[in-house]
Every structure is written in structure tokens, then in C-alpha cells.
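Okay, so here's the structure we're looking at.
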Amino acid sequence: MTEENSPTVYRSDYQPYPFTLDAVALNVELDENRTVVTSTLSFTAKNAAPADLVLNAEDISLDALHLDGQPLGADAYELTPDLLVIAQLSGSFELRVQTTLDPAANSLFMGLYKSGSGFFTQCEAEGFRRITYFPDRPDVMSIYTVTLSADKEKYPYLLSNGNLVSSTDLPDGRHQAVWHDPFHKPSYLFALVAGDFDVREKTVKTHNGRDVLLQIYSDKGSRDKTEWALASLERSLVWDEKRFGLELDLDRFMIVAVRDFNMGAMENKGLNIFNSGYVLADPDTATDANFSAVEAVIGHEYFHNWTGNRVTCRDWFQLSLKEGLTVFRDQEFTADMMAAGLDDQAAASARAVKRIDDVSVLRAGQFPEDAGPMAHPIRPDSYESIGNFYTATVYEKGAEVIRMQHTLLGAHGFRDGMDEYFRRHDGQAVTCDDFVNAMEYVYTKSHPQRDLSIFRRWYSQAGTPRVQVTMNHDAAQQTVTLTLSQQTPLVGVEKIRKDFVKKPFHIPFAVGLLSADGQPLALNEINDSASQLNTPDPKGEHTRLLELTEQSQSWTFTGIATKPVPSLLRDFSAPVIVQYEWTEKELAVLAQSDPNPFARWEAGQALATREILGLTNALQKGEQAALSETFVQVWKNNLQDAGLDAGYRARLLTLPSEKFLAEQMDPIEPVWLSRARQAVRENLGKVAATEWTATLQDNDTPGTYSPDPISAGRRSLKNLALSYLMAAGDEAACQQALVQYQAAQNMTDCMGALGAIVNYHHGDKRQEAIVDFYEKWQHNPLVIDKWFALQATAADTRTETIRGLMAHPAFSLRNPNRARSLIFQFCINNAEGFHNQDGSGYALWTEAVLALDSINPEVASRLARVMDNWARYTPALQSQMKSSLEQVRDHEGLSSNVSEIVSKALRI
Ligand code: TRP
Ligand code: ZN
């Protein structure tokens, strides 16, 4: 598709479909190059007056068309490349459509495609129209019966949604399976799979005592890597029953792993299809991070069965209805798993680790998006290509908006709201407003004076609000007054929409106060409008929740004799940026004694940010700057605070990411920033060498590998210590890294050592290790992805190295995981290499975007987004980035996907 035939779609243009689709019968005769699809659709007009029947299409041709058994001549319908329209139909009728597909030639991995030796489908958002002519929109739901046939030897397994009705042998070595899905679903949840697989399965009982069969299908020979996936699936079932009372509604739930996949995974009803990177995990080949990602994505897709499938979206503008809510649910699932079996205080620290990780992802990916040319509310108002709106905003900020409702209603209120939502909408395709209505119904019952009308602005306004805080201490009255004011600049399309007036948000803002020596103070408010949080208070945090709903509001607390230190936005209670002028000493107090573990981490990050940005400035001017004593002392103290869990301590001691830091710079100087961050790391490695060495020795995890959060935390702290020491050029650590690489009993330790060697070791051993690793793992694609990624992000890697690796026989642009591991990793996570003055990084980007675009536009447009914030970079880079964008924009035959991204970027 080109730009011309991809007009902007507006949310306000929504019209209900004029027909119900009572049943779908699909017959798919699978063949590598000539798959024949016959679909029989039973429609009934909703109104007495006749209406046009509009069916979508993409890249398919019409072989035959029958209406109520009669062939339709070409004059009986209108056919364009993307639409089939039959005018003026009424009553009930049956349409039969036949199409022929070439799955082997489908490099987009949307619709029906081949990967390895199997057939797979991907239909969200608009892939079903690449299989057959169809009302391909989420508010048209139907009951599907699917008949699959294929060569029996090559494709012994034939899978689709729901329950297996029959399997039979056919002539010519073929066989057939019939599947029936008893639940109404939109076309985007359809799936089929055919191939030969290893299967791991288990029958479990639901809380109502029903037996359900859980199955994991993966490539032949990979069964020993699916134990964790199956266990994660079982935990997901139990968790959704316990926390939300939601039971699996099918007799059978299947997950299939595939190597070629555009995203993480897909929640097709009863037949989830997963990127193999989110299924396969064993200690030898998967890191701790991989294990937890597998668990999180399995949870995510499973939880969609209720939030997404049983209740689905009316149109794609409502995407956050299912995605924001399901991300929130998977975050809570992971947090509950991490806290399982721990005492209150340890549980709070485990949950804080998860919160820190989630907030870091939000700040690194969503904050820049919300400040750039693609900024959009979690419920967008328009799009050109829906594939471009599976964004950090819809997913991660969407989850924050759900989390704020959870905070405002409390855990019990939120659960009641969810129950109400399912009572009202089970089986329907609904809107974000419908969700908030259900929550509001519960909220107003317990808070009679309040509603969620201001809160709803989170769905219609974009941008990250800035909350400026001032604190006034009145020594005579012994009171403290906190004043909060909010400001949200116009962003993205808001800037070009005339008369767009931005209104204040409803911001739940959790605060605490500490004495100057770090003791938590009880908060007694004069008017008592701030609410106590409905969460456990293991350390006497005394957290109060302020609800900012106007531009500016104040709260006064009594009985506070001396000037306290404010602890703000505890647990990141809203997706905002806090502005408060803490002194360095105050931050040091918070970073060492805030009882709220999230806020404590936040204060440490603020201190480190000051150091790194200060040094960036100095380096640019050719100056040096020593680390501040206070900062070093905080780092050392936290490093030695044995009362803290290792995983939490590792987060405390990790420097803020380059992406987070870049957000605080104007203009962005990526190379200086990267060097400054590196220098701070090196310095901390030197000044605390003794402490780091002790930490390295103390956090070994001998014995059988287990991915549990306690052991994973120890490994992350140990490997962090190793990298600090190696950054500082510590000889002993360098030897230790080589030993650890050779002796590693699991992939986490292996990668921890190899990463440190590749980044910091300058002798022959570096290249030896790279070669050794490749030879050892060359037959495992997921491990080789890591090998490419490690080199792509290594400190001294430049474009030539990337070009060399692109010529490696194991490299291919066609496999999305491989393209991501090398090209995306370089462009996103190697500032010095990508932003090289000579423009070689940008030239590589231009070539890669165009090459990918002709293979797979969905993947290409994700790479295109790397240049979103070009206008915020230092002038010399800015102009080069701009001309790269123009080069892509002007390329003939550019997809509508990439076109939308680059033209919006250049519009700024
Ligand atoms: N709905 C999926 C999820 O969030 C993701 C998804 C959307 C997807 N579109 C896709 C996956 C296209 C693969 C390809 O879980
Ligand atoms: Zn999802």
C-alpha cells in the first residue's frame, strides 16, 4: 500500500456494522504456494431497510463468489484491491467466497504464512482480510467452524481455535481436522497452525473442578525447553481465578511457539501463538530476564482471554481497553509471583523491584513518545496505519491509567469494578468509556461526592504532566503545606489542532514526610481530605494520597516541628514528572532511608542524574569533574546495606539509562552523555573497588539453577559488581570474568561474564570469547540473537562492525528477531556508534529501513521510529537525522506504515 490509498481513519467516524454475522464456516486446504480458502458467511441485516455489505481485503484475489448458492457475476458487486461491496442486501443470506493464497511468499507475517516447516497465522489487527474477504473489524463477532486439511506426513498437527470436533484421513496422503469455537469472537482472534511439533501437556482442574488440557507446542527437539512455559501457564490460570475470580472457559488451551513473529505473542482464542523467545527457556540457554519475560508474556496472553477476548474492543481506537488493562494484570501477576511466600517487608521490596523495572520501561520508551511527533492519548483520535499504534502509550501508559483507578478505588473496589465490567459486557465489543463507567459505578458508591469525570481526561489528552511541588514549613504553627501545580504542554497532533484546550488531569499523588535524619513522620492533615492508602504499611511509611484535580491545590499537615524532607510520588502513583528542588543532602537522606523502597530508589537515581548531567556538561567543555562526596557515600552505603535484598540493591546501584538521561537534556548530546555515564561508572568502580569485590564474592549462587527472584537478584548484583569493576579496569575482576565465562552453569552468568568481557576487555581474549560462544551455540537461534545483540551494543562497536555482522551467514533481515538483535539494538542501544558524527549510523538506518520495508513494513516502521525525536538533538546531528528521514520519505513505493512515521516526524 502507498500513502495515497491509506487515508487517515478517525475515531469520530465510527458506524456500527449493519449486519450480524451469525456463523462462519472456513475451509482451508493448506499448500505451500496454493492454499485454497473457502468461507461461508451467514449474515442477517440488523434493520429492515437494505444496506450495502462491505467486506475488507488485502493482497488477495477473488476466485469465486456465491450468494445463497447462486454464483454472482462481476456486475453484481464492486471490487477494489481492499474492498468488496455488494449493494443493498436485506434479511438473512449466505455468502460463499473462495480465495487462493501463497503462504510461502508471505514475508509480512500477517495473515497466513510459512515459518520453518509449519503454517501459522497472525490476524491482529487487520490480518484476516489477507486470508479471505471479510468484515474485518473487532465489533463483528461470530461463531467459527474451521476445517483444515494438509499433507499428513509434513503436517501431522492441524490446530485452530476452540475444540477439536473430528480428525479424518483423506486420499493422497492428506488428512483433515474440524475445529469448533463455541465463543463469539472477532476475526482478529482467529488462528490456525499446521506442522510437526514436540508437545508438552498437562491436565489441570479449574477452581470449579473442571478438567482442562494445557498444551505447549514447539519445534521438534525443543521439548526440554518448555517446562517453564507450561508451569507459567498453570500459575496464570490459578492467579486469575484467585485475584479476579476468572476461570478458563475452554476445555483446552494451546500455546504454539514460532520463530518468525512480528511481536511478542498473540492471544488468539484457545490457540495462542508466541514468538519462540517467549516460550523456550532452560538454564543453559535463557537468562533470568528471559525466564521472567516468558512468565510475564504467558500471563499477558492468557489474561487476554477475559480482558480482550470475552470482552473485546468496539474499534481499534479502543485498543488500550484490552492492552492497558492486560498489561496492568500481567504486572500484578509478576509482582504477586515475586512476593509469594515472603514476609511483609521482603514482599514490599520484591514488589518495588517489579515497579522499578516497569517504571524504567515507561520512562525509557513512553515518556519520549509522549513528548515527540507520535504523541497520542492512550485512546487515539486518528491513525493512518493501526499497526503503528501498538505503542508504549497504549500499552504501558494505558496500564498506568488502569493502575491509577486501582489506586483510587483500592484493591477491593477495583475488583468490584472488574466484576461489574464483566456483568455488563461479557460477550460484547465495547469502549474505554464502558470500562470507566463500570469503575465509576463502584467508585461513587463508596465516594458519594466524587466521580471519574476529570479522570477520563487521561483517555483523551496526551503528554506527560509535570507536577511542580513547593513545600512550606511554618515553625511557629508546626505545619507543613504542600502545594502541587500541574502543567502539560501541547504535544504531537494537539499542537496542530485548532482550539485544543488542555485541561487539568486527576492525579493521585502519594506522599510521605521524613525528618531530616530520615525518620518517617506521621501525617495529620488539617482538612483530612488526603486519603490513607489501602495498601499494607510494613515499615510505617505513613503514606497519604493527595488527589490533584485542579491546576493547583494545597494540603497542610500539622504537628511537624522541624523542616521535613518530602518523599514524593511514592510507588510512582501517577505517570507524571515531579519537579521539586531537593538539596543534595535531602536526596541523600531519601536515598538511604526512605521507607518506601520505590521512592528510595528514585532519590538515588536523581542523585546519579545530577552527577552524570553535570559531567556531560564538563566533558563537553573539555573539563573534568570529580564525583561528589555525598553521591559516592550514598552509593557505598547502599552497596554495603546487607539488610536489603540483592535484587533491590542491584536496582539501587544501577545508573539511570541513557534514554532516561537524554530526556533531561536540551539539546541531547548523545555521545557526551554516553561518555559521562561511562566515566561515572568507571569512577564508582574505582572508589568502591573493595566493596564491589566483596559483593562479587558474596553473591554466588552455587548449586542447581533456579530462576526465583532471590537467586536472580543475587546474580544480577554479582554481575553488576563485575561490570563496575571491569569498567574500572580492575585486573582481578578481568581474570574472574574469563573464569566465570568458562565455568558458567547457566546463561545468566555466561552472559554476565561475556558482556563484561566484550565491553571492557581489550586483549585477545575478547575475540576468542566471541568466537567460542558462536561455535558453541550456532545451532540455537535464540542464543545467537543474544550474540548479535551483545556485539551491536558493545561500547566500541561502530557501523563497520555492524555491516560485517550483517554479512555473517547467520544474519538475515527476514527474521524479525534477528533484525532486532543486530540493527535495532545498534540504533537504539548504542549511542556512540549510532550517533557518530560521520553520519555512518544514520546511513545504515536509512538503508535498513528501506530494505526492511520491502520485506516487512510492520517491522520496518518500528525501526523508523528510532528517529522520532531528531529535533531534540544537538544541531550537527539534527540536520543529518533530518536528511535521513527525508531520504526515506521520498523513497518510491514506501509502505503506508513507514510513511506515517517519517512524515509525522518531519511535520514537527
Ligand atoms: N495483541 C498482542 C498482545 O498484546 C500483540 C499484537 C498485536 C501482535 N498485533 C500483533 C502480535 C501483530 C503479533 C503481530 O499480546
Ligand atoms: Zn496484549
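Hey, any hits in segment 86-94 for a residue that's surrounded by fewer than 21 Cβ atoms within 10 Å (Cβ to Cβ) and within 26 Å of the chain's Cα centre (by Cα)?
No, because not a single residue in segment 86-94 is surrounded by fewer than 21 Cβ atoms within 10 Å (Cβ to Cβ) and within 26 Å of the chain's Cα centre (by Cα).
Could you please let me know if L280 is closer than 30 Å to P377 by Cα and away from ligand 1 (no atom under 16 Å from the Cβ)?
Values: closer than 30 Å to P377 by Cα: no; away from ligand 1 (no atom under 16 Å from the Cβ): yes.
When the stated conditions are applied, L280 does not pass them.
Do we have any residue at all in segment 325-335 that's within 14 Å of ligand 2 (Cβ to nearest atom), aromatic (F, W, Y), closer than 22 Å to D434 by Cα and out of contact with any Asp or Glu (no Cβ under 6 Å at 6 or more places or on another chain)?
So far as segment 325-335 goes, yes, one or more of its residues are within 14 Å of ligand 2 (Cβ to nearest atom), aromatic (F, W, Y), closer than 22 Å to D434 by Cα and out of contact with any Asp or Glu (no Cβ under 6 Å at 6 or more places or on another chain).
Can you tell me how many residues within segment 624-656 are more than 19 Å from K718 (Cα to Cα), assigned to a loop (DSSP other than H, G, I, E, B) and in contact with a Lys or Arg (Cβ under 9 Å, 6 or more places away or on another chain)?
1
If you go through segment 341-354 one residue at a time, how many are surrounded by fewer than 19 Cβ atoms within 10 Å (Cβ to Cβ) and in a helix (DSSP H, G or I)?
4
Say whether the condition of being buried (at least 23 other Cβ atoms within 10 Å of the Cβ) and farther than 16 Å from G299 by Cα is met by at least one residue in segment 246-254.
No, segment 246-254 has no match at all.
Can you name every residue in segment 713-725 that is touching a Phe, Trp or Tyr at 6+ places or on another chain (Cβ under 8 Å) and either part of a loop (DSSP other than H, G, I, E, B) or buried (at least 24 other Cβ atoms within 10 Å of the Cβ) (or both)? Break it down into steps so the answer makes sense when it comes.
To start, the set of residues in segment 713-725 that are touching a Phe, Trp or Tyr at 6+ places or on another chain (Cβ under 8 Å) comprises 713, 721, 723-725.
Listed by number, the residues that qualify are G713, A721, Y724, L725.
In segment 255-277, how many residues are away from ligand 2 (no atom under 15 Å from the Cβ) and closer than 12 Å to F303 by Cα?
Of the residues in that region, 1 qualify.
With respect to Y383, is the statement that it is among the hydroxyl-bearing types (S, T, Y) and either more than 30 Å from M867 (Cβ to Cβ) or under 18 Å from the mean Cα position of the chain (by Cα) (or both) true? Break it down into steps so the answer makes sense when it comes.
Working: among the hydroxyl-bearing types (S, T, Y): yes; either more than 30 Å from M867 (Cβ to Cβ) or under 18 Å from the mean Cα position of the chain (by Cα) (or both): no.
When the stated conditions are applied, Y383 does not pass them.
Working only within segment 878-908, note down all residues that are touching a strand residue (DSSP E or B) at 6+ places or on another chain (Cβ under 8 Å) and not charged (D, E, K, R).
M881
So which residues in segment 288-304 are crowded, with 23+ Cβ neighbours inside 10 Å, more than 10 Å from A229 (Cα to Cα) and away from ligand 2 (no atom under 11 Å from the Cβ), if there are any at all?
Across segment 288-304, the qualifying residue is only D288.
Tell me which residues, restricted to segment 105-121, are more than 15 Å from V28 (Cβ to Cβ) and either surrounded by 23 or more Cβ atoms within 10 Å (Cβ to Cβ) or more than 16 Å from ligand 1 (Cβ to nearest atom) (or both).
Residues satisfying the conditions are A105, F109, M110, G116, S117.
Can you find even one residue in segment 366-385 that is assigned to a helix (DSSP H, G or I), within 16 Å of ligand 2 (Cβ to nearest atom) and within 26 Å of V902 (Cβ to Cβ)?
Within segment 366-385, one or more residues are assigned to a helix (DSSP H, G or I), within 16 Å of ligand 2 (Cβ to nearest atom) and within 26 Å of V902 (Cβ to Cβ).
On the given criteria, is N637 surrounded by fewer than 18 Cβ atoms within 10 Å (Cβ to Cβ), within 25 Å of D571 (Cβ to Cβ) and at pLDDT 95 or above?
Here the answer is yes, as N637 does meet what is asked.
The values are calculated or read from the model by the stated rules, or taken from the named source; none is laboratory data. Just so it is clear, the model here is predicted, and its values are computed rather than measured. With ideal geometry, Cβ positions are generated from the backbone for all residues, glycine too; neighbour counts draw on all protein chains shown.
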